[in-house]
Amino acid sequence: MYPQEIVIPMKEELTENGFEDLVTPEQVEAELKKEGTTLFVINSVCGCSAGTARPGVLLALESSQKKPNHLATSFAGFDFEAVQKVREHLLPYPPSSPSVALFKNGELVHFLERHNIEGATATMIANNLSAAFEAYC
């Protein structure tokens with residue numbers, strides 16, 4: 001488990017921008033049962049989270065005309081049970097952190113795995129997510 005003093009500032013980068021911090025499996029299930037679209041970020045301490053994933057997600061939300069109805073996040077290596085629950089909804093994709101999933105009425109419609117994030121710029125991630133928002137939101 002990562003130390004709380006390391007994780008909290010990384011969580012706040014999203015929660016201070018409207019993301020709901022989900023820490024239990026029950027919260028994840030309730031979130032994914034909501035009608036409409038949910039952008040779910042599996043947050044992480046890895047460098048690509050800070051360098052491109054979180055900034056790319058925030059840029060997409062800032063610059064897109066269409067946006068998800070709901071924003072949620074859980075932290076890999078910290079919110080163990082919540083992350084495990086959301087990963088059940090991401091099958092057949094293997095565990096990946098960071099990662100970004102877009103759900104529509106509880107069904108996965110778009111997914112960025114870690115290998116899609118590594119080496120990409122924040123702008124590339126934002127453009128990818130903006131196109132998904134346009135298609136599904």
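Between S130, F80, P95, the Cα set farthest toward the positive side of the dipole of segment 4-136 (charges on each charged residue's Cβ, about the Cα centre) is that of S130. Which one of Q84, Q65, Q27 has the biggest mean-square fluctuation once the chain is modelled by GNM with Cα springs under 10 Å? So, out of Q84, Q65, Q27, the one fluctuating most is Q65.
According to the square roots a ≥ b ≥ c of the eigenvalues of the Cα gyration tensor, what is the shape class of segment 2-42, taking rounded for a/c under 1.5, prolate for a/b larger than b/c otherwise, and oblate for the remainder?
On the way: a/c = 3.31, a/b = 1.72, b/c = 1.92.
Taking the square roots of the gyration eigenvalues as a ≥ b ≥ c, segment 2-42 is oblate.
Counting only Cβ charges, +1 for Lys and Arg and -1 for Asp and Glu, the dipole size of the chain around its Cα centre is about 360 debye. In percent, rounded to a whole number, the relative contact order of the chain is 35, using alpha-carbon pairs under 8 Å and six or more apart. Placing unit charges on the Cβ atoms only, positive for Lys and Arg and negative for Asp and Glu, gives segment 62-104 a dipole magnitude near 240 debye about its Cα centre.
When the chain is treated as a GNM, springs tying every alpha-carbon pair under 10 Å, which of E29, E16, E113 comes out with the largest mean-square fluctuation? Greatest mean-square fluctuation among the candidates belongs to E16. Using only the Cα atoms of segment 10-92, build the gyration tensor, take square roots of its eigenvalues as a ≥ b ≥ c, and label the shape rounded, prolate or oblate: rounded if a/c is under 1.5, else prolate if a/b is larger than b/c, else oblate. Since a/c reaches 1.5 but b/c is at least a/b, the shape of segment 10-92 is classed as oblate. Can you tell me the FRET efficiency between E26 and V109 if r is taken as the Cβ-Cβ distance and R0 is 25 Å, rounded to the nearest 0.05? Computed FRET efficiency for E26 and V109 comes out at 0.60.
Apply 1/(1 + (r/R0)^6) to the Cβ-Cβ distance of I6 and E88, taking R0 = 25 Å, and write down the FRET efficiency to the nearest 0.05. My answer for the efficiency is 0.40. Sequence-distant contacts, meaning Cα pairs under 8 Å at least 6 residues apart, place the relative contact order of segment 73-137 at 22 percent. Projecting the Cα atoms of T38, G18, G51 onto the charge dipole of segment 1-57, computed from C-beta unit charges around the Cα centre, puts G51 farthest toward the positive end.
Stretching the chain fully between K33 and T121 yields a gain of 28.5 nm (0.36 nm per residue, less the alpha carbon separation). If you sort the three axes of the alpha carbon gyration tensor as a ≥ b ≥ c, you get a/c of 1.5 or more for segment 76-127 and a/b no higher than b/c, which makes it oblate. Dipole magnitude for segment 69-137: computed about the Cα centre from +1 point charges on Lys and Arg Cβ and -1 point charges on Asp and Glu Cβ, it is near 20 debye.
Coordinate-derived values only; no laboratory data. Computed from a predicted model, the values in this text were never measured in an experiment. Please note: Cβ atoms are built from the backbone with ideal geometry, for glycine as well, and neighbour counts cover all protein chains shown.
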